[in-house]
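Below is one structure; the comments refer to it alone.
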Amino acid sequence: MAALDSFLVDAVPTCSESGLRALAYKALLAAIAELRIYDHPGELQLDECKLSRDLGVSRTPIREALAILEHQGFVRRRQRHGVFVAKKTRREIIEMVYACAALEGMAVRLACAKATEEQLGALRTSFSAFYEADPPSGYHR
C-alpha cells in the first residue's frame, strides 16, 4: 500500500465552508486525474491530514470532498484503514465505455431530432470526409 506523498496544490482558500469544500474537491479531482494509478502495484492511500495541510484548510472540507469523490467512484473508504484512490477493473472500464457510448448516441439522436435542416447541413459540411468514406460492411445510413 503506497501513500500519496507528492500532492501539492496551488490553491487560495475562500472564506465560506462550501467554497472550501469545492476548492478541496476540485484540487483532489485534478490530482487524482493526474495520477498514474496503474503504475503502482498496490493501493494509493490519501492522507487527510497531509491533504489538509497542503490545501491550507481544515479536515472538514477535505472529508466532505472525499465523500463526494467516493460517491462518484473515484475513491474508496475502508473502515479503520483510510481512503484509497479507486482502481477500476478492466470489466468496469469496459462497462463505463459502453455506458458513455450509449449516452452519447442518445444525445446525438435527441440533438438531431431538434436540429433544423440548416444546422444538419452545417454538420454534414463539417464532417464531409465521414460522409464520403465507405461505410463498414453491414452499416446502413
Checklist entry - Given (1) within 21 Å of the chain's Cα centre (by Cα); (2) charged (D, E, K, R); (3) farther than 26 Å from residue 35 by Cβ, where does residue 114 come up short, assuming only one miss? => result (1)
Item to check | Candidates 56, 121, 105, 42, filtered to the one that is at positive phi and without any contact (Cβ under 8 Å) to a residue 60 or more places away in the chain | outcome: 56
Checklist entry - Take the residues of segment 94-122 that are surrounded by fewer than 12 Cβ atoms within 10 Å (Cβ to Cβ) and among the small types (Gly, Ala, Ser): which is farthest from residue 28 (Cα to Cα)? => result 121
Checklist entry - Only one of (1) surrounded by fewer than 16 Cβ atoms within 10 Å (Cβ to Cβ); (2) within 20 Å of residue 32 (Cα to Cα); (3) of a type outside the set (Val, Ile, Thr) is not met by residue 91, so which one is it? => result (2)
Next on the checklist: Name the residue that is surrounded by the fewest Cβ atoms within 10 Å (Cβ to Cβ), counting only residues in segment 123-133 that are small (Gly, Ala, Ser) and in a helix (DSSP H, G or I).
Outcome noted: 129
Item to check | Among (1) free of Cβ contacts under 8 Å to residues at least 24 places away in the same chain; (2) assigned to a helix (DSSP H, G or I), the one test that residue 66 misses | outcome: (1)
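Readers should treat all values here as calculations from the given coordinates under stated rules, not as data from a laboratory. These figures come from a predicted structure and were not determined experimentally. In this analysis, Cβ positions are derived from the backbone assuming ideal geometry, glycine residues included, and neighbour counts consider all displayed protein chains.
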